[in-house]
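Data block below; observations after.
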Amino acid sequence: MDPVRERIELMTRRHFFGRAGGLSIGTAALASLLAERPARAEGGLPGLPHFAPRAKRAIYLHMNGGPAQMDLLDYKPKMADWFDKDLPDSVRMGQRLTTMTSGQARFPIAPSKFSFKQHGQSGMWVSELLPWTAKIVDEIALIKTVWTEAINHDPAVTYICTGHQLPGRPSLGAWLSYGLGSMNQDLPAFVVMVPSWSSKANAQALYNRLWGAGFLPSKYQGVAFRSKGDPVLYLSDPPGVDRATRRTMLDTLAKLNQKEFDELADPETQARIAQYEMAFRMQASIPELTDLSNEPQHVLDLYGEDVKKPGTFAYCALMARRLAERDVRFVQIFHRGWDQHGDLVNELPRQTKDVDQACYGLITDLKQRGLLDDTLVIWGGEFGRTIYCQGGLTKDNYGRDHHPKCFPAWLCGGGIKPGVVYGETDEFSYNIVENPVHIHDLNATILHCLGIDHRRLSVKFQGLDVRLTGVLDQNPVHAILA
């Protein structure tokens, strides 16, 4: 992101086009549509990947709101004897609380109402709420000890997606697009989906800055696919406009934009030209991508009955597989509604039913197609939940507040050692007692699987060398790497 160097490089390309015997930008773009899809990535930075990657692409399944770890993947059987007893001060240690429970007179322990069993050769403990995930435990690496400093939703999800609690930084997908480039001419390198959810409680808001490019050029931001109607707004041509007319219009617009760039040298003008050309190509690629008529029934059955309903998590998971096999670099699905401050016993099962079989289907589908070896899949939220109850506690129901000091994430596929459980929390699932993993460490691990040394991917911004993983000495979690 050196403006002088970028200006020189862009001028060189412009001079090439100017000397190429009347070859216009639009004509060159049209010629590229006729060529075969390149075998290597387009764009990206010189020297990347830094080393041979185990994964070429990634799918991030974000459970927005904070799944309750002790009800899902962090089994705490001793808590059954602590029902309605106060959380000891020696455990809480004066840790920060949200305003939603800081005024409570006491913090009564709420043991999980759901049963757990061990599964697979790994013997991983999994809740009855995740019976399909239990079938793939020997494919995943479970980290039980992810932690963050953020305790409220917006800064927490912004932090894990961009590496900073304040808005304005590039997202993980934008960093990957910027560093590694695109493997598909006809689809965005970074695609985002926000499916429907079943919890009846109010869900937290999501903002497009979570998949934004921050201070990177805007061409690296995620493209959000809509859950209903046209997958991408304003992509279809209006009635009466055919492909030839659209092509002529884009050629003329490109010339005007190039003239503006010649005068102002704003790199965003070049990004605008590239985005128009991508939209033109997507007009042909998106309908084919979203046509599920050629998917055999046995594949649809993997994802569950909701897969045929556009906008569901199951549908989005299948779309993620279709995007992966078309070499889209990064797909992120934000499933909202994981914020059970009350009525957890009824609300949490609705959420897990949305995603459980679909996650199993995605992993199984990728594996049977030979895609899992070079596709990294990540599952997790922005923080965990408290072992103590928020509001009224009964044996049949309870709620849980936000808890940033320990929560689970699992990874699977390219570069990940299968059937591993890493880290341990105390008997209250409140503090980490072994192998803490900061969210920067988690992101460093993701980058590592894709062949990136997180310390060497940075951009000069406001006088600083800014990177996704911050300035401290963060490290990939080598124990879960294959």
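The values are calculated or read from the model by the stated rules, or taken from the named source; none is laboratory data. Keep in mind the model is a prediction, meaning the values are calculated, not measured. In this analysis, Cβ positions are derived from the backbone assuming ideal geometry, glycine residues included, and neighbour counts consider all displayed protein chains.
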Being touching a Leu at 6+ places or on another chain (Cβ under 6 Å), of a type outside the set (S, T, N, Q) and either in the same structural domain as D401 (by TED's automatic domain parsing) or assigned to a strand (DSSP E or B) (or both) is true for just one of G179, G214. Which residue is that? G179
Count - residues of the stretch 288-340 that are closer than 24 Å to Q204 by Cα, hydrophobic (A, V, I, L, M, F, W, C) and not in a helix (DSSP H, G or I): 5
Of the conditions (1) under 26 Å from S199 (Cα atoms); (2) free of Cβ contacts under 8 Å to residues at least 40 places away in the same chain, F114 fails just one. Which one is it? (2)
Please count how many residues of the stretch 466-482 are modelled with pLDDT under 95 and farther than 22 Å from I378 by Cα. 3
Does D374 satisfy the condition of being acidic (D, E) and within 21 Å of the chain's Cα centre (by Cα)? yes
Taking the condition part of a strand (DSSP E or B), in the same structural domain as G399 (by TED's automatic domain parsing) and surrounded by fewer than 21 Cβ atoms within 10 Å (Cβ to Cβ), does Q118 pass? yes
Please determine, by comparing only the residues of the stretch 290-307 that are at pLDDT below 95 and not hydroxyl-bearing (S, T, Y), which one is surrounded by the fewest Cβ atoms within 10 Å (Cβ to Cβ). N294
Farther than 19 Å from I151 by Cβ, surrounded by fewer than 15 Cβ atoms within 10 Å (Cβ to Cβ) and β-branched (V, I, T): does that describe V466? no
Qualifying residue in the stretch 83-98 (condition: at pLDDT below 95 and buried (at least 17 other Cβ atoms within 10 Å of the Cβ)): no
Please enumerate the residues belonging to the stretch 322-354 that are in contact with a strand residue (DSSP E or B) (Cβ under 8 Å, 6 or more places away or on another chain) and either acidic (D, E) or closer than 26 Å to R54 by Cα (or both). L323, A324, D327, V328, R329, F330, V331, Q332, I333, F334, D354
Testing H448 on (1) of a type outside the set (F, W, Y); (2) under 19 Å from G163 (Cα atoms); (3) surrounded by fewer than 20 Cβ atoms within 10 Å (Cβ to Cβ), one condition comes back false. Which one is that? (3)
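To keep it simple, each residue is scored yes or no on (1) free of Cβ contacts under 8 Å to residues at least 12 places away in the same chain; (2) crowded, with 20+ Cβ neighbours inside 10 Å.
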| position | (1), (2) |
| --- | --- |
| R321 | no, yes |
| D343 | no, no |
| V355 | no, yes |
| G370 | yes, no |
| G380 | no, yes |
| Y388 | no, yes |
| G414 | no, yes |
| G419 | no, no |
| T425 | no, yes |
Matching residues in the stretch 138-166 (outside any loop (DSSP other than H, G, I, E, B), over 24 Å from P418 (Cα atoms) and touching a residue at least 40 places away in the same chain (Cβ under 8 Å)) number 8
For the stretch 325-338, which positions are of a type in the set (D, E, K, R) and surrounded by 24 or more Cβ atoms within 10 Å (Cβ to Cβ)? R329
Test S90 against the stated conditions and say whether it is assigned by TED's automatic domain parsing to the domain that holds P188, of a type in the set (S, T, N, Q), farther than 28 Å from D374 by Cα and in contact with a Leu (Cβ under 6 Å, 6 or more places away or on another chain). no
With respect to the numbered conditions (1) at negative phi; (2) surrounded by fewer than 20 Cβ atoms within 10 Å (Cβ to Cβ); (3) in contact with a helix residue (DSSP H, G or I) (Cβ under 9 Å, 6 or more places away or on another chain), which one is the sole condition not fulfilled by G168? (1)
